[in-house]
Each structure stands twice: as C-alpha cells, then as structure tokens.
1. Put +1 on the Cβ of each Lys and Arg and -1 on the Cβ of each Asp and Glu in the chain; which of Ile32, Trp48, Gly80 then has its Cα farthest toward the positive end of the dipole?
2. Can you run phi through the Karplus equation (6.51, -1.76, 1.60; θ = phi - 60°) for the stretch 135-152 and list ³J(HN,Hα) in whole Hz, with x for Gly and Pro?
3. Under a GNM of the chain (C-alpha, springs under 10 Å), which listed residue has the highest mean-square fluctuation: Leu14, Leu83, Leu41?
4. Classify the chain from the C-alpha gyration tensor, please: rounded if a/c falls under 1.5, else prolate or oblate depending on whether a/b exceeds b/c.
5. Run through the stretch 1-100 and list the GluC sites (Glu not before Pro) located in a DSSP loop whose Cβ has at most 14 other Cβ atoms within 10 Å.
6. Would you kindly derive the ³J(HN,Hα) couplings of the stretch 19-26 from the backbone phi angles with the Karplus curve 6.51 cos²θ - 1.76 cosθ + 1.60 (θ = phi - 60°), listing them in order in whole Hz, with x for Gly and Pro?
7. Using alpha-carbon pairs under 8 Å, 6+ residues apart, how would you state the relative contact order of the chain in percent?
8. Kindly write out, for the stretch 2-11 in residue order, the coupling ³J(HN,Hα) from the Karplus curve 6.51 cos²θ - 1.76 cosθ + 1.60 (θ = phi - 60°), rounded to whole Hz, with x marking Gly and Pro.
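Values in this text are rule-based calculations from the coordinates and carry no lab data. Computed from a prediction, not measured in an experiment: that's the story for all the values here. A quick note on method: Cβ atoms are made from the backbone with ideal geometry, for glycine too, and the neighbour counts reach across all protein chains shown.
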Amino acid sequence: MRLMSWLLDELGKLQLLRTEAPVLYWLVLFVIAAVLAGMTLHLIWTLWTALSAPEPPQGRWEESSRRDLAGEAEALAAEGRYLDAAHRLMLASFRALAERSVIELRPDRPNRWIRGALRRSSLGEGLALEMGALIEQTERHWFGDRRNEPAIYERWRSTFARLCTADAK
C-alpha cells in the first residue's frame with residue numbers, strides 16, 4: 001500500500017515538472033515512451049523469431065524410440081547389470097504393448113497408470129497381473145534400494161518372451 005501511494009505521489013510531482021522544468025518533464029516522458037517502445041519491439045521480435053523457426057526434425061525421436069531395447073538388455077545382463085537390463089526390458093514391453101494398442105504410451109503417464117491399463121486391457125489376465133507385479137518390483141528396485149539381482153532380469157526376459165508370442169487382441 002505504501003508503494004502505491006508513493007508511486008502516485010511521484011506521478012503527481014511529474015505534473016509539477018511540466019510547469020517548473022519542461023525540459024526535464026519531456027525528457028522523462030521520452031524515456032518512458034522509449035522503454036515502452038523497446039519492450040514492444042522486443043516482444044514482436046521474440047514472437048516473430050519463435051514463429052519463423054523451422055520445426056524440429058521428426059527423425060530424431062523416431063530413431064531414439066526405435067532402439068533395440070531387448071538387445072541392449074542382453075548386453076547389460078552380460079555385463080552383470082541386471083537391474084538396468086530389467087529396466088530396458090520393461091521399456092521394450094511398454095513399447096510392444098503400445099504398438100499392439102493394448103495400452104496408450106505417453107510420457108506423462110506414470111507406471112501406476114500403466115499397471116491399471118494392463119488390468120483393464122485385453123491382455124491375458126495372468127500376463128497382465130505378472131507384468132503389473134514386475135513393474136512394481138522393478139520400480140521399487142530402480143528408485144529404492146538399487147538391488148542388482150539376476151532374478152528380476154530373468155523374470156522380465158521370460159515375461160517379454162511371453163508378451164512377444166502372446167496373441168494380444
């Protein structure tokens with residue numbers, strides 16, 4: 001409230017400058033107008049630059065999403081990085097499910113949503129429940145204790161093989 005009353009007082013004094021010091025008054029008015037014009041030009045330039053920029057190439061996303069995640073998982077498991085390998089197979093499973101239109105894969109959807117979508121999907125109930133449990137276990141290890149056990153990779157490998165041979169409708 002004090003700031004507003006101070007600002008109004010100063011603006012009132014600006015009117016006094018018009019009669020007492022007209023050169024200073026017009027100088028202040030010119031500076032205010034120049035700042036406003038500069039801000040307007042900057043806004044116009046920024047919008048023009050953003051709207052005239054070329055669209056990003058689509059190929060980069062498709063190339064990165066077409067990685068051989070199952071092959072990467074195999075290589076990671078051979079190095080003894082079982083949790084990383086299990087995570088890659090989980091992502092490969094998500095992609096396989098999305099390509100078959102079993103789930104809608106979007107970056108803003110958490111794994112909890114994917115587990116719910118699996119339960120409601122046309123995927124066999126046993127496979128859906130197994131995948132849901134594996135997703136939860138992988139998430140717990142990935143974000144929690146980072147336990148690197150071969151069993152979780154083997155379970156994902158078995159589940160991914162079943163998913164690839166399953167007749168998901």
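1. The one lying farthest along the dipole's positive direction is Gly80.
2. 4, 4, 5, 4, 4, 4, 6, 5, 9, x, 7, 6, 5, 9, 10, x, 4, 5
3. Answer for the Gaussian network model of the chain: Leu14.
4. prolate
5. Those that pass, being in a loop and sparsely packed, are Glu79.
6. 8, 7, 9, x, 5, 5, 4, 5
7. Once divided by the residue count of the chain, the mean separation gives 20 percent.
8. 4, 4, 5, 5, 4, 5, 5, 4, 5, 5
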